[in-house]
1. Counting other beta carbons within 10 Å of each Cβ, put R266, R13, R126 in order, fewest first.
2. Got the relative contact order for the chain handy, in percent, Cα pairs under 8 Å and 6 or more residues apart?
3. Given the C-alpha centroids of the range 335-401 and the range 6-42, what is the distance between them in whole angstrom?
4. Can you put M207, M1, M84 in order, fewest other beta carbons within 10 Å first?
5. Find how much the distance from M1 to R168 grows on full extension, using 0.36 nm per residue of separation minus their present alpha carbon separation; answer in nm with one decimal.
6. Find how much the distance from M70 to K238 grows on full extension, using 0.36 nm per residue of separation minus their present alpha carbon separation; answer in nm with one decimal.
7. Within the range 230-253, which residues have the backbone N less than 17 Å from the label spot 7 Å out from K267 along Cα→beta-carbon, could you tell me?
8. Taking only Cα atoms and a 10 Å spring cutoff, compute GNM fluctuations for the chain and point out the largest among V159, V56, V97.
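Bear in mind that the values in this text are calculations on the coordinates, not laboratory data. Computed from a predicted structure; not experimentally measured. Note: ideal-geometry Cβ built from the backbone for every residue, glycine included; neighbour counts use all protein chains shown.
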Amino acid sequence: MKADIIVRNALMRNSGGKAVDIAISDGKVVRIAPNIREDAGEIVDAGGNLATESFVNGHLHLCKVYTLEMVGMDALSSYTSGSMGGAMTAIEQAAKVKENYDEKWIIKNVRKALDLAVRFGNTHIRAFADTDTKAKLEGVKALLKAREEYRDRVEIQVVAFPQDGVVRDPGAEDYIRQALELGADVVGGIPWIEYTDEDAQEHIDRMFALAREYDKDVSMLIDDAGDAGLRTLEMLVKKTIKEGWQGRVTCQHARAMALYPEPYYRKIEHLLKEGRVGLVSDPQTGPLYARVRNLYDAGVAVALGQDDIADAYYPFGRNNMLEVAFLAAHLMWMTTFHDMNILYDLITTNAAKALGIRDFSLAEGHPANIVVLNAKSEWEAIWSHEAPRTVIKNGKNITLP
C-alpha cells in the first residue's frame with residue numbers, strides 16, 4: 001500500500017539513537033519502523049535528524065500582535081518593573097489600543113504571526129481575543145476568520161477573553177456570549193483583575209455558567225501579579241471540581257505562585273492534580289513565573305507559552321516555541337540534558353495535555369503532526385532554536401520555502 005509521505009532516516013525521542021522511517025497516510029501515522037520498503041507519494045529525508053511532534057503554543061494574545069508601537073511603552077514598564085506590583089495598571093494602560101480596534105487591521109497582523117507559526121512548526125495555538133466593551137467583537141471576528149484561513153496549517157482555539165474584567169466592565173459578559181454564538185472555542189477569564197475576592201469569584205462563576213451553557217472548555221489568566229495573597233487559582237480549581245469540568249480547564253500565568261509559602265503551594269499542587277487543570281507558564285514575559293519544574297515533577301499538565309508578540313507586555317516573540325524553551329532554560333536554570341528533555345515536553349506533548357488535545361504523541365494511529373529538525377537531540381534543537389527543515393500538519397507537508 002502506497003503511503004502519502006514517508007519520512008526516512010529519522011531519529012525519534014524514544015528510538016534509542018537508531019534511525020527509523022515514519023509512514024503517513026490519510027493524515028495519520030500508519031507505521032514506524034526501520035527501513036520501510038513501501039513507496040510513497042513524497043519522500044522526506046530526515047538526514048539522521050530528530051523527528052518529533054510539532055509544537056503547541058498554549059497562550060498567545062493573537063489579536064494584539066504587533067501593536068507595541070501603537071500603544072507605547074508605559075504599559076510595558078508598568079507590567080515588568082519591580083515585583084509586578086503594577087500589573088493591573090499595565091492592563092489599564094494597554095487598553096488604549098482597543099479604542100481603535102478594527103478587524104481589518106487586526107487580521108493583517110494575525111496573518112503575519114501565523115505565517116511565523118507555520119515556519120517554526122507551531123501547529124496548535126490557544127489564541128486569546130479581547131472581548132469586552134472596548135474591543136467589542138473586532139478581535140474575535142479577526143481570529144475566527146484566521147482560524148478558517150489557516151485550518152490546514154495551524155489549529156487555532158479562539159478564546160473569548162474579557163481582558164478588563166466582568167464585574168468591573170459591565171456588558172463584557174454579553175460580548176462573551178455573542179463571541180460564543182459566532183463560534184469561539186473557549187470561554188476565557190481573568191478573575192484577579194476584579195477589585196475584590198467576591199467579585200473575582202463572581203467572575204469565575206459567570207464564565208463557568210457560559211461554559212456549561214455552551215459546553216465549552218475554560219481558559220483563564222490567573223494571579224498575574226506580584227501578590228502572594230492572590231487566590232484566584234484556588235478559586236478556579238475548586239470551581240472546576242465542583243462543576244465536574246476536570247480536564248477541560250487551563251490556567252495561564254499564575255505568577256503569584258512564585259511567592260507562595262510552601263504549605264500553601266503544596267495544597268494548590270494537590271488541587272491542580274485533582275481538578276486535572278492544565279497550567280501554561282510564560283516566564284519570558286515577566287519577572288515572576290509559576291513553579292514549572294515542581295508542577296511537572298508532580299504530574300501536572302504544565303506547558304510553556306509565547307504569550308505576546310510585540311505588544312504592550314513584551315517587545316519580542318516569533319511564534320517559535322523552541323525559542324521560548326531556550327529562554328526558559330536560562331530563566332528557570334533548566335540547563336541539564338534532562339532539564340531540556342522536560343522543556344521539550346512543555347512545548348509538545350505536555351502542552352497538548354494542558355489544552356486537552358488528544359492523541360498528540362508521535363505514534364502509530366495518531367494524527368501526523370510532525371516536525372523534522374535541524375538537530376539530533378532536544379538539547380541541540382533548543383540550543384539553535386532554528387526553524388524545522390520539514391513541518392507536517394495532519395499528514396500534509398506545509399513547510400514554507
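1. Arranged by neighbour count, lowest to highest, R266, R13, R126 become R266, R13, R126.
2. 20 percent
3. Cα centroid of the range 335-401 versus Cα centroid of the range 6-42: 15 Å apart.
4. Lowest to highest Cβ neighbour count: M1, M84, M207.
5. Extra length available between M1 and R168 comes to 54.0 nm.
6. 56.6 nm
7. Residues 230-242 qualify, since their backbone N sits under 17 Å from the label point.
8. Evaluated over the chain, the most mobile residue of the options is V97.
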